[in-house]
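**Student:** One structure is given below, represented as C-alpha cells, and several questions about it will come after.
The values are calculated or read from the model by the stated rules, or taken from the named source; none is laboratory data. Predicted, not measured: the structure shown is a model, and the values here were computed from it. Don't worry about glycine lacking a Cβ; one is built from the backbone with ideal geometry, like all the others, and counts go over all protein chains shown. When the accessible area is computed, the model is the full protein with side chains, heavy atoms only, and any ligands, DNA or RNA have been set aside. Shrake-Rupley method; radii C 1.70, N 1.55, O 1.52, S 1.80 Å.
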Amino acid sequence: MAANRAEAATTLGASATATGRYFGAAIAASKLSDTTYTRILSTEFTSVTPENEMKWDATEPSRGTFNYTSGDRIVSQAQSNGQQVRGHALAWHSQMPGWAQSLSGSTLRSAMLNHITNVATHYKGKIYAWDVVNEAFADDGQGSRRNSSLQQTGNDWIEAAFRAARAADPGAKLCYNDYNTDGVNAKSTAVYTMVKDFKARGVPIDCVGFQSHLGTGVPGDYQSNLQRFADLGVDVQITELDVAQGGNQASIYGTVTKACLAVSRCTGITVWGIRDSDSWRTGENPLLFDSSGNKKAAYTSVLNALNAGSGGGGGGGGNGGTGCTATVTPGTVWGDRYNTSVTVSGASTWTVVVTMTAPQKITSTWNGTATWDASGNVMTMKSNGSGAAFGFTTSFNGNTTARPQISSCTGS
Ligand code: 9MR
C-alpha cells in the first residue's frame, strides 16, 4: 500500500499541495477590499469557490442578459494569486432568478440548458471543477429526488445539465454537489446509484462534492463513504466544510481532513468562508479563523493533519509496493507554461503517478522515465537512477489555474 508523507509546511495551501491536493475557501467578491481577508486568502488557500457570484440569480438576472462582473473579479483575483477556481453552481433549485422561478416544463428546461451553456462557455478554461448540479436530492430519508421545478422538467434534467456543461467546457471537471451525504445514508446512496448509472451509460461526470456542513459530530463512515464514490471512478471533494463551534470542532476538522487524505481520489478540501464573521452560519463560529482573523484550534488541527497525513494513497494498491513521499515544489511560471519539481523520499526506486487537468499538458520531463495513459492527462513517472527528484514543464493551453495532483507514490 502506498503512503505518502508530506513535508511539514506552515500554511494550509502549502501542506495540501505537498499531498497533491488543494485547500480552498468560499469567498465573496464584496470582501476583496478587506485587507485582513485578502491577506489570509492569498497566504493560506490554493483554491477559491465564489460563494454566490456564479449562481443563476447573479449571472443571469434577466433572461438572456448575463452579468459576470463579480464572478470575473473573483477569477482574476484567484489567477493573480495562482489559485484554482471551483465554479458554483450551474443548476440549482435555490437562488434561481425570479424570471426562471416563473417558468416550468420545456421552457424551463431550455432556459436552464441555455444558462449552463452561456456561463460555462464564459468561464471556459478558467474553472478547475464545476458544481454542475447542486442539491437535487430530497431530505426525506428515502433517497428521492427533490421535488423542484427543475425536477418536474423530467428525471433526466441532471444528465442533460452535465452534457451541456461538458459541451461548453470540456476541460473542467464536472461535479454533483450535495449536503447530508457525508456518511452512508439513503440520500448519499441515491446519489451513489445515480453516479454509478451515469458512469455505466457514459453521462459525463468527474467528481462528487460532499458539502460537509457539520454540527457537533461527523459520521463514523465519512471516509468509507468518500471511498465508495471514489471506487466508482470519480474524484471526491469536500466542498463546503464548516463545523459548529462546540467541544469537538477542532477534532472534527481533523477527522474530515484525515479522511480526505486517506482517499487517493479526494482531490481537495474547501471551507465555506474564511473568518467566523464571514460565515453564513451566523453565531455558530464554524470556520478556521476567528472574526479578527486569528487562527483557531481548528486551524491547527487541520494543518497538523495535512502535515502528518498520507498523500494520494495509490487507490487501494496493496500489491506489494512500499510507501514513499512525493513532495511537490512549484517552479518557474511563464506566460504559457510552468515548471514543477517533485522530490521523492522513503524509497530509492519509485513510481509516482501525476494527474493533470485538461487542457493543460505536460510538454517535457526530466530525471525520470514517463509513460502516459490514453487521455494524456495521467503521467506515470518511474525512477531511472538519476536520483530522488524529477520535474516537468506543463503548458497552460488556456487554463492558468489548474496544478498537477499527485495520485500516488509507490516504492519498490
Ligand atoms: O453561503 C451562501 C449564502 O451567502 C447564501 O445566502 C445562501 C443562499 O442560499 O447560499 C449559501 O451557500 C450555500 C451553497 O451555495 C450551497 N450549499 C449550502 C450553502 C449554505 O447555505
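**Student:** Simple spin-label model, 7 Å along Cα-to-Cβ: T216 to N304 in nm?
**Tutor:** 2.2 nm
**Student:** Once the Cα gyration tensor of the range 48-148 is diagonalised, what are the square roots of 5 times its eigenvalues, in whole Å and ordered largest first, as equivalent ellipsoid semi-axes? Write down the numbers at each step before the final one.
**Tutor:** Numbers: eigenvalues 123, 59, 22 Å².
Those come to 25, 17, 11 Å.
**Student:** Okay, moving on. Could you state how much accessible area T193 has, in square angstrom rounded to the nearest 10, with a 1.4 Å probe and all protein chains kept in place?
**Tutor:** 80 Å²
**Student:** Here's a follow-up. What is the Cα centroid distance between the range 152-181 and the range 229-260, reported in whole angstrom?
**Tutor:** With the range 152-181 and the range 229-260 each reduced to a Cα centre, they are spaced 23 Å.
**Student:** Using the reciprocal of the averaged 1/r over all distinct C-alpha pairs, how large is the Kirkwood radius of the range 129-201 in Å?
**Tutor:** Values: mean 1/r = 0.0781 Å⁻¹.
Kirkwood hydrodynamic radius for the range 129-201: 12.8 Å.
**Student:** Mean-square fluctuation check for the chain, GNM, Cα pairs under 10 Å: which of G71, G293, G13 is largest?
**Tutor:** G293
**Student:** Still on this model: Given Cα positions, please report Rg to Rh for the chain, the hydrodynamic radius being the Kirkwood one.
**Tutor:** Working: Rg = 20.4 Å, Rh = 21.5 Å.
Over the Cα atoms of the chain, Rg/Rh equals 0.95.
**Student:** Please work out how much length the chain gains when fully extended from T69 to K295, using 0.36 nm per residue of separation minus the C-alpha to C-alpha distance, in nm with one decimal. Walk me through the numbers on the way to the answer.
**Tutor:** On the way: separation 226, 0.36 × 226 = 81.36 nm, distance 3.14 nm.
Length difference between fully extended and current span is 78.2 nm.
**Student:** Using helices alone, I'd like the mean residue ellipticity at 222 nm for the chain: each DSSP H run of four-plus residues gives -39500 (n - 2.57), total over residue count, nearest 500.
**Tutor:** Values: 11 runs with 118 residues, N = 412.
For the chain, the value works out to -8500 deg cm²/dmol.
**Student:** Show which aspartates and glutamates lie in cross-link reach of K296 when reach means a straight Cα distance below 12 angstrom and same-chain residues fewer than eight apart are skipped.
**Tutor:** D276
**Student:** Counting Lys and Arg as +1 and Asp and Glu as -1, each charge on the Cβ, what is the dipole of the range 1-83 about the Cα centre in debye, to the nearest 20?
**Tutor:** 140 debye
**Student:** From the cross-link list K173/K258; K124/K382; K31/K55; K126/K187, which pairs have alpha carbons spaced over 25 Å apart? Don't jump to the answer; show the numbers that get you there.
**Tutor:** Values: K173/K258 23 Å; K124/K382 33 Å; K31/K55 17 Å; K126/K187 31 Å.
As for pairs spanning more than 25 Å Cα to Cα, those are K124/K382; K126/K187.
**Student:** Still on this structure, please answer the following. Hey, could you get me the Stokes-Einstein D for the range 208-248, Kirkwood radius over alpha-carbon pairs, 25 °C and 0.890 mPa s, rounded to whole µm² s⁻¹?
**Tutor:** The calculation lands on 221 µm²/s.
**Student:** Distance in nm between label sites at T35 and K382, each 7 Å beyond Cα in the beta-carbon direction?
**Tutor:** It is 5.5 nm.
**Student:** State the extension gain, in nm to one decimal, for the chain segment bounded by S364 and D57, taking 0.36 nm per residue of separation less the distance between their alpha-carbons. Don't jump to the answer; show the numbers that get you there.
**Tutor:** Details: separation 307, 0.36 × 307 = 110.52 nm, distance 4.34 nm.
So the extension gain works out to 106.2 nm.
**Student:** Across the range 265-277, in residue order, what do the Karplus-derived ³J(HN,Hα) couplings come to in whole Hz, using 6.51 cos²θ - 1.76 cosθ + 1.60 with θ = phi - 60° and x for Gly and Pro?
**Tutor:** So the Karplus estimates, Gly and Pro as x, are 8, 7, 8, x, 10, 10, 8, 8, x, 9, 9, 3, 6 Hz.
**Student:** Ok, one more. Multiplying the sequence separation of T189 and W372 by 0.36 nm and subtracting their Cα-Cα distance, what value in nm do you get? Write down the numbers at each step before the final one.
**Tutor:** Working: separation 183, 0.36 × 183 = 65.88 nm, distance 3.36 nm.
Gain in length upon complete extension: 62.5 nm.
**Student:** Further question on the same structure: Please arrange R166, R39 by accessible surface area, largest first, computed with a 1.4 Å probe and ligands excluded.
**Tutor:** Numbers: R166 70, R39 130 Å².
If we order R166, R39 from most to least accessible, we get R39, R166.
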